[in-house]
Each structure stands twice: as C-alpha cells, then as structure tokens.
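Down below is the structure, laid out as structure tokens.
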Amino acid sequence: MLRLPEQYNYGDKHNPLLEKHNASHVLDVVGDYEHSFLGGKNLCFSLQEKEQGYRAETSYYIGIDHIGDSGKVIHVQPKLDDEERKIDYYAVLEQALSGNLKPSETKGLFEIKFNQPLIPIDQEQDYLSPLLFAQFLNLLKSIVHKGLRKSYYRVEHNMTAKVKGKILVGATIRNNHVHGRMDRSVCSFEEYGLDHFENRLLKKALLFVSANLHTHKTFKSLKKTVAFCRPAFTKVSETVNENQVNNFKVNPFFKEYAAALKLAKLILKRYGFKLENATSEKVATPPFWIDMSKIFELYVYRQLEKANGIEKLLYEPVIDGLRPDFLIKSNEFTGVIDAKYKPRYKTNKIDVSDFRQVLGYARMTKVYDELEISKDSLIDCLIIYSNQAESDLKVELEKKVAEEGYVRFWKLGIKLPEIGYER
C-alpha cells in the first residue's frame, strides 16, 4: 500500500521520504495514473513518470483507492504538518458536522465506489465510517427532536374468532387448519404508527453506528447523540433485509428523512449488512475519497458561530446562482469570508484566482442588500486558512491581517486540532 499525506508532492524517485513510504516499487509498476473527485476537474492524486524518476502528487482529498489495474492501493492520510504533528481528523470532523446542518450543506462531501473490490484496512484507517456516522446522527437527532414520522404499514396477524383486512388463505390453512384450529385466520391489514419501514431502516443503521462507536475511542459527543436517539425507537422493529434496503426508494418530500435514509443505506451497505463487521478491528472498505477542503469550510463555520459580536452569519447563501462561503456582519468585520484549506497562505500571498473569486462576491448588489451596507462603500473581504502555527483553535476576527497590495482585503489563520488535543 502506497501511503501519502494529502497536499504533498514527491519529485524524486530516490527521495528518502518517498522510499520511507514504500512508494518507489509501486510507481515502477504503475507508471502514469491520476484520479479525480466525483469525475470532476479536482484531482485526488496523480502519479507521473518523469525522465529523472517519478512524481506523486496529492491534493485536498483523503481516502483509499486502487491504482488502476496494477493491484496496488494508495492511502492518502490527513495532512502531516511535520513528523511530530498530525491533524486530528476525528476532532475536526466531530466539530465540523455538529449542530443543525442542512442536507444541502454537506452535498459532495465524499465519494464511495461500491462497484469496485473491497480493500482490507485497519479501523484507524477508516476515515469514511466516522464521516457517515457524524452526518447520520446529526440528521437523526433533528428528526427525533421533532418526533418520528408516523405512516401506514402492512402487518399480518393470526386472529381468533374475527377477521380484519384480507384473509391469507394459504397461511391460514398452513398455520391453523392443519392443526385443527378452525377458529383462527391469518389476516393482512394496514396499521398507522411508527413501525413502518423507514423508521425500521433508521433504527437498523443506528444499531450499526452504536456498535461501532462502542469500540471506538473517539467521538464522545456522538455517543451522547446515540443515547439521545435510541429511546425514540423503542416501539420500532429493527427487522429489515438486504433486498428491502436495496429496492427501497427514498421519498424526497421529507428532506431530513430522505437524507438520513440515504445515509442509513450507505452505512448498512458499507458493512455488508452484517453487524459483526461494525465491531471488527480489521475492516474491508470500498474505495472512497473525502473532500477535506469542504470539511475545513464546515469547521470554520462552527468556529464563526462561536465568535463574539456576530450580528448576522449566512453560510453558502445562494445569490444570483453563486454561493459565497460566508456573509457576516459583526463588530470586527462586515463582508465576505472564504475558507481556504491552504496552509501555504501562512507565508505566501493569496492566489490571484482566490482574490478574484472573493472580490467577485463582494461586488454583487444583493450582497450589499443582505449585509445592509451602503453601495457607496467597499465591502471587506477575508480569507480564513489553516495555520498550525496559531496558538488557538478559535476564529478571532480582530487578529485578521491586511493582505499587502490590496485594499480592505484580509487573511486570518486558524489552527486545526492535532493528535493529542483534548476535546
């Protein structure tokens, strides 16, 4: 397995770091290869053969995948700042997906390739399951808080001296008449309540999540969410089978239910519908990729919510078909904020493309209207980037630094939790 950290380039076949990751023999087999996220333009990783050796390059995605048809596997880990400091992916994820996120706000967060062969890994390398769990439990908590939805569902009962609904002749003969019980009939009819298939599917997925978290040392807050949700499913059966799940079509009318049910199906499919797979230290996972830049964006959102003096905060508002990351009105800053998962901004100037993107948002008439700012003034622009040299995990807008060469354009670094961070 070729193990590489995200956001890293390897330019020399004989580079000691490349050899330490046991990559040179893999590159010898593979040659040129690249993979993009969800079939788009953003590359997850690329391997290229050069005259002087081989070059491996990763981007803002973590995951595990097959390298073409070589029989080799690539594993891209959360970013390494150096050999001693490593980003705590679980802590970042736990905070990023906390709170009441809308299903649309987590769209395009990950890619799973169920149609490809499974890859055996250790549980600590399974970045996918915690992501699915956090999203699922966040939605389920909201559903439980509002109350589980009731619906009609079909049941069968062996009734004595009465008939309800439709008599199932074959079942009645088989279960009653051949045993001399002529007073009984197996009937099929509809009931209205909580024990319909959608709730059963949610409960089944909740049991898988609970079993995994029981053996997982991380995600303390998720365990509390499981404890909060389980009592609501007391009157709901967990009886579902693989065929029912695969053939079940989610009703998009109830958006939270629809999003939670899709995640429930993914969780059950992820573990092959076998509960024992959710508790194993060794797991087999389908290839997957996770967009860390999107997770960073959600993490910044949670920190902005905690910042002092915020009067108005909008996350990804749709304005004339465009989606700026944040519009904010506060004591320290009023304008457009963009989150960039680019540690290089600690020492480098802001890329022209990023500058143009944020500035474009800041010159839209409707942005001025949203922030209630006079169109005779300039809206402030700010880029928040990841910087492990910062001393605090909070967003402190008063510490923003003016970008040299620009007017009312700022940048601000924020530290991400590292391994060993006490949550």
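The values are calculated or read from the model by the stated rules, or taken from the named source; none is laboratory data. What you are looking at is a predicted structure, and each value in this text was computed from that prediction instead of being measured. Cβ coordinates were reconstructed from backbone atoms using ideal geometry, including for glycine residues, and neighbour counts include every protein chain displayed.
Odds and ends about this structure:
- Flag for ILE143 being touching a residue at least 60 places away in the same chain (Cβ under 8 Å), among the hydrophobic types (A, V, I, L, M, F, W, C) and touching a strand residue (DSSP E or B) at 6+ places or on another chain (Cβ under 6 Å): no
- For the residues PHE273, PHE233, PHE254, the requirement of being surrounded by 14 or more Cβ atoms within 10 Å (Cβ to Cβ) and more than 28 Å from GLN95 (Cβ to Cβ) singles out PHE273.
- Complete set of residues in the stretch 179-191 that are small (Gly, Ala, Ser) and part of a loop (DSSP other than H, G, I, E, B): GLY180
- Within this structure, ILE373 fails the test of being surrounded by fewer than 19 Cβ atoms within 10 Å (Cβ to Cβ) and outside the structural domain of PHE296 (by TED's automatic domain parsing).
- Residue check, SER210 within 30 Å of ILE419 (Cβ to Cβ) and of a type in the set (Ser, Thr, Tyr): yes
- Members of the stretch 59-118 found to be at pLDDT 85 or above and more than 28 Å from PRO343 (Cβ to Cβ), listed by number: HIS66, LYS113, PHE114, ASN115, GLN116, PRO117, LEU118
- Residues in the stretch 151-178 that are in a loop (DSSP other than H, G, I, E, B) and of a type in the set (A, V, I, L, M, F, W, C): ALA161, VAL163, LEU168.
- Breaking point among (1) part of a helix (DSSP H, G or I); (2) in contact (Cβ under 8 Å) with a residue 12 or more places away in the chain; (3) surrounded by fewer than 20 Cβ atoms within 10 Å (Cβ to Cβ), for LYS204: (3)
- Looking across the stretch 310-337 at every residue that is without any contact (Cβ under 8 Å) to a residue 24 or more places away in the chain and touching a Ser or Thr at 6+ places or on another chain (Cβ under 9 Å), the one that is nearest to CYS381 (Cα to Cα) is identified as LEU313.
- Extreme residue, surrounded by the fewest Cβ atoms within 10 Å (Cβ to Cβ), among residues of the stretch 282-297 that are closer than 21 Å to PRO117 by Cβ and out of contact with any Cys (no Cβ under 6 Å at 6 or more places or on another chain): LYS282
- Within the stretch 111-125, if we keep just the residues that are assigned to a loop (DSSP other than H, G, I, E, B) and out of contact with any Phe, Trp or Tyr (no Cβ under 9 Å at 6 or more places or on another chain), the residue that is nearest to LYS262 (Cα to Cα) turns out to be PHE114.
- Qualifying residue in the stretch 138-147 (condition: at pLDDT 90 or above and among the hydroxyl-bearing types (Ser, Thr, Tyr)): yes
- Going through (1) closer than 17 Å to TRP289 by Cα; (2) part of a strand (DSSP E or B); (3) touching a Leu at 6+ places or on another chain (Cβ under 8 Å) one by one, GLY108 falls short only on (2).
- Residues that are touching a helix residue (DSSP H, G or I) at 6+ places or on another chain (Cβ under 8 Å), closer than 24 Å to PRO287 by Cα and in a loop (DSSP other than H, G, I, E, B) do not occur anywhere in the stretch 233-245.
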